[in-house]
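First up is the structure itself, then whatever we jot down about it.
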Amino acid sequence: MSAEHASDDVLALRALLGAVPDDLTPTPADAYDDARDGAILAAILASSAAHDPAGQPGELAASAAPGGPATPPAGAGPARATVRHLVPRRSARRRWTTISVAACLLAAVGVVVGPMLGDRAPAFASRPPMLHFQESSPADLLHEESTTPARDVLLELADAAGARADVPAGPVQYVESVNWFQTVTGEQEGTEARIEPVRQQTWLQADGAYRSVELRGGGFEPSGRLVLPDETTTDRLVDQLPAGSFGPLAPELPRDATELRSTVLAQAGDACPEEVACVGAAFVELAAVEVVPGDLDAAFLTALAADDDVSALGRVTDRLGRAGEAVGYVSQRVDGGPTEVSVLIVSPQDGRLLAFEKIRQDDELYPDGPAVVELRVLARSAWVPAIGDRPPG
């Protein structure tokens, strides 16, 4: 069974977040299918060999797993690692455009996402339970109720981020995240799509080499806690891009908030139905593959603070049990009314982005009320000496 990917734009997007190769010799075989673009982009917006603590390839450390392993099926064998060596077909400079396009395509494929949510083991919730926000809820934004502007909160978070003294400790950027991604698999009987938790580890080297490892499966407890599968019995997907595939983006971005916002929107062009959504998406996708320095975190937060449509949701505990400050904004409208809200959760201590969630209102697909349809939890990020290394702790 092999994971399928979509068109060139998806490859470019996965290059930003995590997408990579299959055998040591790249092949011209085209694994991309435009017909699958929308379905795949619906939940991944992006995508990420690793070494075990003893230095063996193909293993994942368990240190940052947000929950205990799920019980493996009877007779489960040892885990395998599928390694793919990909050749990028698009310039890395298209990444901002691709991110923005992905954010827009997500809105168009909601009808594809919804029916898949019930395909879950009985022990798990069919979709991520809603988090509890102290001040306002995403439903308040969907119902266009009065909420407190997030300007003051965002500027305080920007100050915390700007006060950080980030010093790179190596030439490789390591990011670990837990996501709710869509998987498309191919079998002789046809293709199957499902949405499931994905633990992703990515490495981005200064010369543009990139590696990611993904471990898929598990589910959500009714409390919202993530439970991942036993990595010793679960196959991993390893993607690799060679040196020169793309360079880190953070050093090229302006630190002035107004200029940063203009840069993001100019790259997005007509692909941005909601400007604040494009700025937020760029922030999230950058943090999913690069160690974002404090001054750039501060610039993004300040850019968001300038938008009156961003609301303060209050304190919240994320899906890794960390305390954060949440802000939300409408990221999609249909016939003038809000149908989707995006939530950013930021650390009040140092202004780092902790998590992103997307909540959708669709009475037909979700008759019980607004539902979480996408999430990304940024477990940790750090500079490390080499691809395959992980930070201590």
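The values are calculated or read from the model by the stated rules, or taken from the named source; none is laboratory data. Given the structure is predicted, the values throughout are model-derived calculations rather than measurements. Don't worry about glycine lacking a Cβ; one is built from the backbone with ideal geometry, like all the others, and counts go over all protein chains shown. Surface accessibility is based on the protein's heavy atoms, side chains included, excluding ligands, DNA and RNA. Shrake-Rupley method; radii C 1.70, N 1.55, O 1.52, S 1.80 Å.
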Inset, instruction - Quick one: accessible surface of Tyr174, probe radius 1.4 Å, all protein chains present, in square angstrom to the nearest 10. - result: 0
Legend entry - Cut-off 16 Å, label 7 Å out along Cα→Cβ of Leu155, residues of segment 297-340 by amide N: 298-312
Legend entry - Label-point separation in nm, Thr258 to His132, each point 7 Å along Cα→Cβ: 4.3
Legend entry - GluC sites (Glu not before Pro) within segment 332-393: DSSP coil, no more than 14 neighbouring Cβ in 10 Å: Glu364
Inset, instruction - At 0.36 nm per residue, minus the direct Cα-Cα distance, what do Asp270 and Val334 gain on full extension? Give it in nm, one decimal, please. - result: 21.3 nm
Inset, instruction - Evaluate the distance, in nm, between pseudo-label points positioned 7 Å from the Cα of Ala386 and of Asp363 along their respective Cα→Cβ axes. - result: 6.0
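So how do His143, His132 rank on accessible area, 1.4 Å probe, biggest first, that is with the largest at the start?
Numbers: His143 105, His132 160 Å².
The ordering from most to least exposed comes out as His132, His143.
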